[in-house]
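> My structure is below; once you've seen it, I'll send some questions.
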Amino acid sequence: MPGPLAGVTVVTLEQAVSAPMCTRTLGDFGARVIKVENPEGGDFARHYDDVVGGLGAHFVWANRGKESLALDLKSPAGMRVLHQLLATADVLVSNLTPGTTAKLGLAPADLEIRHPHLIAVEIDGYGPGGPLSHKRAYDLLIQAESGACSVTGTPGAPAKPGPPVADVTSGLYAALSVLALLYSGRRAPVQVSLFDTMTELMGYPLTYTRHSGVEQQPLGMSSPAVAPYGAYRTADAQTVVLGTTNDREWDRLARELIDRPDLADDPRFRTNAGRTAHRAVLEEAIGDWCARHTLADVQHRADTVGIGNARYNTAKDVLAHPQLTARDRWREIDTPSGPVPALLPPPVIAGFDPPMGAVPALGEHTDTILGELGYGAGEIADLRERGAVR
């Protein structure tokens, strides 16, 4: 079965994570993705580190299945090539620094005139028209500005969520917007800001604080919304995470898991509001019980009585996770430094195998793409001589 986006061509002017995750997602559904890179170094995420045979881990993760065209957009000849490419494309995605697309003549208003067939997606930090619109924006900066760090960590020790949540989620919202427009047949500019994305993800704490006046405090591996819900050490020095989401589950946990019917009958704990108000008592009782049992015992008993549970894992644990192995979630992809394992994309579509293409070397597909645009060998050599391509 061909990919749902087979026949769709995406051109991208991208760096780091947000736009690359948008375009990788489109590529995972079968779109052709042409990554236009600066000949002098390319996407700077290529060099964040060198742990994947000389390539950055961020880059390998976010750029499989793309073609790399090394093009100098400061060169008139390079810009001519880009516009020829856009004339054949369906989507343009960018996440350049504020004002860059306007300087290049690639702002939404420019593209609506010159390439009205394009879906032009621009991902930025804060969105146009506000006092912060001019600022550079990285994942940590947006997490701090949006309040996400204030609800992560522990009281007095705020933290950034480990994964780049602002970048990845903004990329997914951008990809979702492209899919909606392709489905509708409409062509309209799309603007996604990391700040808007993160304030959307902050929906629960923002709603709670607006209507209660209370700033919820971060609780580490727990939740201010429900109790009991957290991490507990076990007798074999492991960590189990137990969670309840309603009164019936709490009753089962108290009576059938930790054998504390007195807690189940205590009027302080009959509702979630009461349990969150007195969570310290519950944390101590559950923690004491878990400390007397092994992880395997806790999880077996919790599964038996229908209480949600998980093991606290590190990255090394997840690399060997039996759930991924049993479901055959790993594939091998090519990179300029050799094959490496990569996880399949999350959506599983019956009859469709995601392409899982190679991670490109800088400029690897330049000659091929130029040839498709009608350039002969002599013309390509001339462009290279002038530094317009690599």
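> So for segment 1-134, taking the charge dipole from beta-carbon charges (+1 Lys/Arg, -1 Asp/Glu), which of Pro128, Leu73, Gly42 sits furthest toward the positive end?
My answer, from the dipole projection, is Leu73.
> What is the magnitude of the charge dipole of the chain about its Cα centre, with +1 placed on the Cβ of each Lys and Arg, -1 on the Cβ of each Asp and Glu, and no other charges, expressed in debye to the nearest 20?
On the way: 35 positive and 45 negative charges, 81 e Å.
Charge dipole, the chain, about its Cα centre: 400 debye, nearest 20.
> Using Cα atoms only, what is the angle between the long axis of helix 165-184 and the major principal axis of the chain, expressed in degrees (0 to 90) to the nearest 10?
With both axes taken from Cα atoms, the answer is about 60 degrees.
> Moving on to the next point. Can you pull the accessible area of Tyr138 for me, 1.4 Å probe, Å² to the nearest 10?
Probe radius 1.4 Å; accessible area of Tyr138 about 120 Å².
> Roughly what angle does helix 295-305 make with the longest principal axis of the chain, taking Cα atoms, 0 to 90 degrees, to the nearest 10?
Approximately 80 degrees, to the nearest ten.
> When the distances between all Cα atoms of segment 287-363 are binned every 5 Å from zero, what whole-number percent does each bin get?
3, 11, 15, 15, 15, 12, 9, 8, 5, 5, 2, 0
> Which listed residue (Pro4, Leu118, Thr325) has the Cα farthest towards the positive end of the charge dipole for the chain, taking +1 on Lys and Arg C-beta and -1 on Asp and Glu C-beta about the Cα centre?
Checked the options; the winner is Leu118.
> Kindly report the accessible area of the chain per residue (heavy atoms of protein chains, probe 1.4 Å, no ligands, DNA or RNA), in Å².
49
> What's the magnitude of the charge dipole for segment 218-265 around its Cα centre, counting Lys and Arg as +1 and Asp and Glu as -1 at the beta-carbon? Answer in Debye, nearest 20. Could you put the intermediate results ahead of the total?
Numbers: 5 positive and 8 negative charges, 35 e Å.
My answer is approximately 160 debye.
> Here's something else I'd like to know. Divide, for segment 14-88, the radius of gyration over alpha carbons by 2.2 N^0.38 Å, where N is the residue count. Intermediate results must be reported in sequence, preceding the final value.
Working: Rg = 12.9 Å, N = 75, 2.2 N^0.38 = 11.3 Å.
Here the answer is 1.14, to two decimals.
> So, one more: Could you work out what % of the accessible surface of segment 228-305 is carbon and sulfur, using a 1.4 angstrom probe and leaving DNA, RNA and ligands out of the count? Before the final figure, lay out the partial values.
Values: 1920 of 3970 Å².
Accessible surface attributable to carbon and sulfur in segment 228-305 totals 48 percent.
> Got a sec? What order do Glu332, Glu122, Glu112 fall in by accessible area at 1.4 Å, biggest, i.e. largest, first? Walk me through the intermediate numbers first.
Numbers: Glu332 140, Glu122 50, Glu112 110 Å².
The ranking, largest first, comes out as Glu332, Glu112, Glu122.
> Count charges around Ala57 for me, please; just the other residues with Cβ under 12 Å from its Cβ, Lys/Arg as +1, Asp/Glu as -1.
Details: positive: Arg46; negative: Asp49, Asp50.
Local net charge: -1.
> In terms of modelled amide H atoms, which long-range or inter-chain residues lie less than 5 Å from the amide H of Leu118?
none
> What's the percent breakdown of Cα-Cα distances in segment 146-277 across 5 Å bins, shortest bin first?
2, 9, 13, 15, 15, 13, 12, 9, 6, 4, 2, 1, 0
> Quick check on packing: order 96-109, 340-353 by the mean number of other C-beta atoms within 10 Å, highest mean leading. All intermediate terms of the calculation are to be shown ahead of the outcome.
On the way: 96-109: 15.9, 340-353: 12.0.
By packing density, highest mean first, the sequence is 96-109, 340-353.
> In whole Å, what is the distance between the alpha-carbon centres of segment 18-50 and segment 105-180?
Each part reduced to its Cα centre gives a spacing of 16 Å.
> Let me check against my output: what whole-number percent is the relative contact order of segment 71-200, with C-alpha pairs under 8 Å and at least 6 apart?
Working: 165 pairs, mean separation 35.8, N = 130.
In percent, rounded to a whole number, it is 28.
> Lys160 accessible area, nearest 10 Å², 1.4 Å probe?
Surface open to solvent at Lys160 totals about 70 Å².
> Quick check on the chain: helices-only [θ] at 222 nm, where DSSP H runs of length 4 and up contribute -39,500 (n - 2.57) each and the sum goes over total residues. Nearest 500, please. It would help to have the intermediate numbers written out before the result.
On the way: 18 runs with 152 residues, N = 390.
Calculated from helices alone, the mean residue ellipticity at 222 nm is -10500 deg cm²/dmol.
> For segment 138-191, what log10 I(q)/I(0) values come out of the Debye formula at q = 0.14, 0.28 1/Å, with one point per alpha carbon and no solvent?
Rounded to two decimals, the profile gives -0.50, -1.02.
> Same structure again: Which one of Pro20, Gly30, Thr169 has its Cα pushed farthest toward the positive end of the charge dipole of the chain, where Lys and Arg give +1 and Asp and Glu give -1 at the Cβ?
Thr169
> What is the percent carbon and sulfur in the accessible area of segment 140-183, measuring with a 1.4 Å probe over the protein chains and ignoring ligands?
On the way: 1470 of 2070 Å².
Roughly 71 percent, rounded to a whole number.
> Lys and Arg at +1, Asp and Glu at -1: add these up for the other residues within a Cβ distance under 13 Å of Ile142 and post the number. Don't jump to the answer; show the numbers that get you there.
Working: positive: Lys135, Arg136, Lys160; negative: Asp124, Asp139, Glu145, Asp167, Asp196, Glu200.
Net of charged neighbours comes to -3.
> What's the magnitude of the charge dipole for segment 329-374 around its Cα centre, counting Lys and Arg as +1 and Asp and Glu as -1 at the beta-carbon? Answer in Debye, nearest 20.
Values: 2 positive and 6 negative charges, 56 e Å.
About 280 debye.
> Give a residue-ordered list of calculated ³J(HN,Hα) values for segment 367-374 (Karplus: 6.51 cos²θ - 1.76 cosθ + 1.60, θ = phi - 60°; whole Hz; x for Gly, Pro).
Karplus-based 3J(HN,Hα) across segment 367-374 equals 5, 4, 5, 4, x, 5, 7, x Hz.
> Over segment 306-367, with every protein chain in place, what whole percent of the accessible area is carbon and sulfur at 1.4 Å, could you tell me?
On the way: 2170 of 3800 Å².
It is 57 percent, rounded to a whole number.
> Let me ask something else about it. Let a ≥ b ≥ c be the square roots of the eigenvalues of the Cα gyration tensor of the chain; is it rounded (a/c under 1.5), or, if not, prolate (a/b larger than b/c) or oblate?
Details: a/c = 2.67, a/b = 1.98, b/c = 1.35.
Note, shape of the chain comes out prolate.
> On a 1.4 Å probe surface of the protein chains, which of Thr245, Thr152, Thr197 comes out largest in accessible area, and what is the full order? Walk me through the intermediate numbers first.
Details: Thr245 95, Thr152 40, Thr197 5 Å².
So, going from the largest accessible area down, we get Thr245, Thr152, Thr197.
> Got a number for the accessible area of Val226? Probe 1.4 Å, square angstrom, nearest 10.
30
> Turning to a different aspect of this structure: Tally Lys and Arg at +1 and Asp and Glu at -1 over the other residues with C-beta under 12 Å from the C-beta of Arg275: what net charge comes out? Write down the numbers at each step before the final one.
On the way: positive: Arg268, Arg270, Arg279; negative: Asp247, Glu249, Asp251, Asp266, Glu283.
After counting each charged neighbour, the total is -2.
The values are calculated or read from the model by the stated rules, or taken from the named source; none is laboratory data. These numbers come from a predicted model, not from an experiment. Glycine gets a Cβ as well: all are built from the backbone with ideal geometry, and neighbour counts include every protein chain shown. All accessible areas refer to the heavy atoms of the entire protein, side chains included, with ligands and DNA or RNA removed. Shrake-Rupley method; radii C 1.70, N 1.55, O 1.52, S 1.80 Å.
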